[in-house]
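Contents: one structure, followed by commentary.
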Amino acid sequence: MLPEHLKFNDLFFVRYCCSTDGYGAPQPSLALHTDGSVFSFNLVLSDPQADFDGGGTEFEDGRLLRPPRGGAA
């Protein structure tokens, strides 16, 4: 598949939060799931060194990806 043929078919945005802050119920994580797409990525918008503990994407085989702020995995 060529990059120029890629398009957003479904866009899922998650804002993780451990406390109620007026933006809805707390959501510290997502349960183990499978994305229904050919490509999937996570873009880190906050600084993992200063803004939160933990984070990353863990795969069933045990791999854990923790990109820096502005990075994608």
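The values are calculated or read from the model by the stated rules, or taken from the named source; none is laboratory data. Not measured: the values here are computed from a predicted model. Note: ideal-geometry Cβ built from the backbone for every residue, glycine included; neighbour counts use all protein chains shown. What goes into the accessible areas is simple: the full protein's heavy atoms, side chains included, and nothing from ligands, DNA or RNA. Shrake-Rupley method; radii C 1.70, N 1.55, O 1.52, S 1.80 Å.
Below are the figures for this structure:
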{"read-out": "Residues (open to solvent by 70 Å² or more (accessible area, probe 1.4 Å) and modelled with pLDDT of 80 or more) located in the stretch 52-67", "value": "58, 59, 60, 61, 63, 64, 66"}
{"read-out": "Residue match in the stretch 15-33 (condition: part of a loop (DSSP other than H, G, I, E, B), open to solvent by 90 Å² or more (accessible area, probe 1.4 Å) and among the acidic types (Asp, Glu))", "value": "no"}
{"read-out": "Looking only at the stretch 34-51, and only at residues there that are touching a strand residue (DSSP E or B) at 6+ places or on another chain (Cβ under 7 Å) and in a loop (DSSP other than H, G, I, E, B), the one that is least open to solvent (accessible area, probe 1.4 Å)", "value": "42"}
{"read-out": "Which numbered condition residue 42 fails, given (1) farther than 28 Å from residue 3 by Cβ; (2) of a type outside the set (A, V, I, L, M); (3) in contact (Cβ under 8 Å) with a residue 12 or more places away in the chain", "value": "(1)"}
